[in-house]
Each structure stands twice: as C-alpha cells, then as structure tokens.
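Before any comments, here is the structure.
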Amino acid sequence: MYNLIVLATRPSDWTHEQFIEWWRGEHAEVTRPLPGLKRWLHTDVQEAMDEKSQGWDGVSILSFESREALDKALASDEWKAAVAHVGNMRGRRIILMG
C-alpha cells in the first residue's frame, strides 16, 4: 500500500465541527472517486500528545496499491476536481506520501 496523508486545520472562521463535516461530507464525495483509491480513512483530531502537535483538526489517509497508482490519481481529472474543491480554504495543511 502507498499512502497520501493529509494533516489539516480549519479556516479561522470555521468551527472544528463545521470543518470535519465539510471534510467527511462534500469534500469526501469529491475525493472518493479518485482512480485507484483503495481506502479513504479520516480521523477527527480530538487531542494532541504534546504542545508541538496541537492545532490540527484532522488527518486523512488515501491508500493506493503502489506509488504508480498514486501518481495516476494525482494526474487525473478527479484530483484536479478535489484540489479545486478545496479552493482557497485558508487553513493549514501538510501532505505526505509513503
């Protein structure tokens, strides 16, 4: 399995609950059709273990069979639609692959 991992925070004018509802709802509907997507997992961050880890609202893990399958997804129209859906969200995010 090869994963795309997204750690994100909400825009400053959204509540945590609004952001999680958007992420698991309308944004998930846009990301789930990614070609080759094997698993979509989302975790609502409830607490952090230390000060450096505070301030994040959620984590998503999108799993693919291989790096090549992820690369195909990232080159797809579905990925472009997911990126466009995020638009100018104004929150922070970190995206990792591995």
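The values are calculated or read from the model by the stated rules, or taken from the named source; none is laboratory data. No experiment lies behind these values; they were computed from the predicted model shown. Positions of Cβ are generated from backbone atoms using ideal geometry, with glycine treated the same way; all protein chains shown enter the neighbour counts. Please note that ligands, DNA and RNA were not included when accessible areas were found on the heavy atoms of the full protein model with its side chains. Shrake-Rupley method; radii C 1.70, N 1.55, O 1.52, S 1.80 Å.
Being over 17 Å from residue 5 (Cα atoms) and open to solvent by less than 40 Å² (accessible area, probe 1.4 Å) is the filter here, so list the residues in the range 49-76 that pass it.
Answer for the range 49-76, where residues must be over 17 Å from residue 5 (Cα atoms) and open to solvent by less than 40 Å² (accessible area, probe 1.4 Å): just 76.
Using beta carbons and a limit of 7 Å, which pairs, at least six apart or on different chains, have the first residue in the range 32-60 and over 22 Å from residue 97 (Cβ atoms) and the second one hydroxyl-bearing (Ser, Thr, Tyr)?
Correct list of pairs: 55/9.
Hey, any hits in the range 47-55 for a residue that's touching a Phe, Trp or Tyr at 6+ places or on another chain (Cβ under 6 Å) and in a loop (DSSP other than H, G, I, E, B)?
In the first step, residues of the range 47-55 are kept if they are touching a Phe, Trp or Tyr at 6+ places or on another chain (Cβ under 6 Å); the result is none.
Within the range 47-55 (the criterion being touching a Phe, Trp or Tyr at 6+ places or on another chain (Cβ under 6 Å) and in a loop (DSSP other than H, G, I, E, B)), the answer is no, since none of the residues qualifies.
In the range 1-25, what residues are touching a residue at least 24 places away in the same chain (Cβ under 8 Å), of a type outside the set (Phe, Trp, Tyr) and open to solvent by less than 40 Å² (accessible area, probe 1.4 Å)?
3, 4, 6, 8, 9, 11, 16, 20
Residue 28 is checked against (1) of a type in the set (Gly, Ala, Ser); (2) surrounded by 13 or more Cβ atoms within 10 Å (Cβ to Cβ); (3) not in a helix (DSSP H, G or I) and fails just one. What number does that condition carry?
(3)
Looking only at the range 75-98, which residues are in contact (Cβ under 8 Å) with a residue 24 or more places away in the chain and part of a helix (DSSP H, G or I)?
Taking the range 75-98 as the starting set, the residues that turn out to be in contact (Cβ under 8 Å) with a residue 24 or more places away in the chain are 76, 78-79, 81-82, 85-86, 89-98.
78, 79, 81, 82, 85, 86 - these are the residues of the range 75-98 that are in contact (Cβ under 8 Å) with a residue 24 or more places away in the chain and part of a helix (DSSP H, G or I).
Return a yes/no flag: does the range 34-43 have any residue that is open to solvent by 30 Å² or more (accessible area, probe 1.4 Å) and under 15 Å from residue 8 (Cα atoms).
Kept after step one, since they are open to solvent by 30 Å² or more (accessible area, probe 1.4 Å), are these residues of the range 34-43: 35-41, 43.
The next check asks that each one be under 15 Å from residue 8 (Cα atoms); those that pass are 41, 43.
Yes - at least one qualifying residue is present in the range 34-43.
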